[in-house]
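Here the structure is laid out as structure tokens; the discussion comes afterwards.
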Amino acid sequence: MLTREQFLEHLREALNHLYETDRLRRSPLAALFGVAGRFDTGAALQRVLVEAIASLKPAAGEPSQSPAWQIYEPLFYRYVEQLSAEQVADQLGIGTRHLRRWQNTAQETLADVLWQQYNLAEQATRNAAAPPLVETDLRQELAWLQDASGVAATDLAEALPPVLELVGRLATRYEVHLAATVAEALPKVCVVPAAFRQALINLFSVVIPHAAGGEVLFSAARAGWDVELRIVCGEYVAGPQPPQRDETDNLNMAARLAELGGYGLALSADARCFDARLLLPALEQIPILAIDDSADALQLLARYAAGSRYRLVGTRDPLSALALAEKLAPRAILLDVMMPEVDGWELLGRLTSHPATADIPVIVCTILAQRDLALLMGASAFLRKPFTRGELLAALDELREGRAARATNG
């Protein structure tokens, strides 16, 4: 069972690293406050602590020398405003030794507030074995996003203006200057349009109220094979902000929509600033080479790739495959090993050993039940014919993500 002393020690550690969200993510307080296991655990814990400190602010008219101010001001200036001990002591007109006494008392008071608020005397950790009903309902509500048929080629030149117009009204309300920069000739992106728009709206609805009286930057630009959308407020002009109503729900929903929609969302948000990056898959940008002697099979693969992030180039001539692969530099090769003119297994060996193609993953696509042999011969994946569009795209996505992870880690 967690003791009060242990809790106070965890709290002091978190306060000393209030703006290090990666460190806060690992804090035992995350589980105690019910924010563990989320995509924004560190930021959520930060918001809990900032809000708890804000709750200790004395009412207007409270005498400046009252004990209530002696509790609130050391916490606010030392941790929320990130002033040094010497700066805080100078601000309050006391010595640093005196400040340490005030600070210890303030930390204990804050611990009492949180201890009671989260009923930690009875429950030191939260049971997360079963998802709450709200989470279950949310999964059911968003189940339609998992159907790839909802993905559409979306022109950002048409999709972004209505969103920016809508959130522009919110910006006007909070006197925020919304500066948008959209690069010209962006490729179409593969998203579920309604879900993509809602994810953007959710993110803007979080940052704009915090940025009241300041500026929020929005940009859209090419980023390799993708298109990056970015929403940034470098610093809230009003200083550190407590969480707004429904803020956590809006951020979690944006993350869930991104996950189910098949695009990336990187979020760095705390009480002082906001930075969200959405990485959208550009339409038919990533080259894939398909080697199959059947024209019908190549046409089917082309239909499967249409409307996705992949651009399929097919050849019925396995003898020219190596030269074509060198010229095209595909991100993956689809290879049928059942071809009359060339031994497909021999071609697989050449592709996986030749210096120009050895780093290109090969997916063996065949009617033969030879998965183990294909992988043993150097294939990165195996698809047994007939397979669906979803199975093909999932295999390509898995290879792409694995390659990106290796590039990042290596």
Residue identified as over 16 Å from the mean Cα position of the chain (by Cα), free of Cβ contacts under 8 Å to residues at least 12 places away in the same chain and surrounded by fewer than 21 Cβ atoms within 10 Å (Cβ to Cβ) among 213, 224
224
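Can you report the number of residues in the stretch 166-193 which are on the phi > 0 side of the Ramachandran plot and not in a loop (DSSP other than H, G, I, E, B)? Break it down stepwise before answering.
Step one: filter the stretch 166-193 for residues on the phi > 0 side of the Ramachandran plot, giving 175, 185.
So of that shortlist, the ones also not in a loop (DSSP other than H, G, I, E, B) come out as none.
Within the stretch 166-193, residues that are on the phi > 0 side of the Ramachandran plot and not in a loop (DSSP other than H, G, I, E, B) number 0.
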From the list 290, 302, 276, 297, exactly one residue is at pLDDT 90 or above, buried (at least 20 other Cβ atoms within 10 Å of the Cβ) and not assigned by TED's automatic domain parsing to the domain that holds residue 239. Which is it?
290
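Please work out if residue 36 is outside any loop (DSSP other than H, G, I, E, B) and either touching a strand residue (DSSP E or B) at 6+ places or on another chain (Cβ under 9 Å) or in contact (Cβ under 8 Å) with a residue 12 or more places away in the chain (or both). Before you say what the answer is, go through the steps one by one.
Details: outside any loop (DSSP other than H, G, I, E, B): no; either touching a strand residue (DSSP E or B) at 6+ places or on another chain (Cβ under 9 Å) or in contact (Cβ under 8 Å) with a residue 12 or more places away in the chain (or both): yes.
No; evaluated as a whole, the condition is false for this residue.
Which residue out of 348, 368 is in a helix (DSSP H, G or I), over 30 Å from residue 160 (Cα atoms), touching a residue at least 12 places away in the same chain (Cβ under 8 Å) and of a type in the set (A, V, I, L, M)? So that I can check it myself, show each step before the final result.
Working: 368 fails: in a helix (DSSP H, G or I).
Unique residue meeting the criteria: 348.
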Here is a check on your reading of the model: is residue 13 assigned by TED's automatic domain parsing to the domain that holds residue 105, among the charged types (D, E, K, R), under 30 Å from residue 266 (Cβ atoms) and modelled with pLDDT of 90 or more?
yes
For the stretch 26-52, name all the residues that are among the basic types (Lys, Arg) and surrounded by fewer than 20 Cβ atoms within 10 Å (Cβ to Cβ).
26, 38
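For residues that are in a loop (DSSP other than H, G, I, E, B) and closer than 18 Å to residue 18 by Cα, tally how many sit in the stretch 77-112. Steps first, please.
First, the residues of the stretch 77-112 that are in a loop (DSSP other than H, G, I, E, B): 81-84, 93-95.
This time we only want the ones that are closer than 18 Å to residue 18 by Cα, so: 81-84.
Residues in the stretch 77-112 being in a loop (DSSP other than H, G, I, E, B) and closer than 18 Å to residue 18 by Cα: 4 in total.
Please determine, by comparing only the residues of the stretch 312-355 that are under 31 Å from the mean Cα position of the chain (by Cα) and either among the acidic types (Asp, Glu) or crowded, with 18+ Cβ neighbours inside 10 Å (or both), which one is nearest to residue 384 (Cα to Cα). Before the answer, list the steps.
Applying the first criterion (under 31 Å from the mean Cα position of the chain (by Cα)) to the stretch 312-355 yields 312, 329-334.
Subset that is either among the acidic types (Asp, Glu) or crowded, with 18+ Cβ neighbours inside 10 Å (or both): 312, 330-334.
On the way: 312: 19, 330: 21, 331: 20, 332: 17, 333: 15, 334: 12 Å.
Of everything passing the filter in the stretch 312-355, 334 is nearest to residue 384 (Cα to Cα).
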Could you please tell me which pairs satisfy a Cβ distance under 7 Å, a separation of 6+ or placement on different chains, a first residue in the stretch 8-25 that is small (Gly, Ala, Ser), and a second residue that is modelled with pLDDT of 90 or more and assigned to a helix (DSSP H, G or I)?
14/24; 14/29; 14/45; 14/49
Residue count, the stretch 168-186 (criterion: surrounded by 12 or more Cβ atoms within 10 Å (Cβ to Cβ) and over 19 Å from residue 235 (Cα atoms))
4
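The values are calculated or read from the model by the stated rules, or taken from the named source; none is laboratory data. Keep in mind the model is a prediction, meaning the values are calculated, not measured. When we count neighbours, we look across all protein chains shown, and the Cβ atoms used for this are built from the backbone with ideal geometry, even at glycine.
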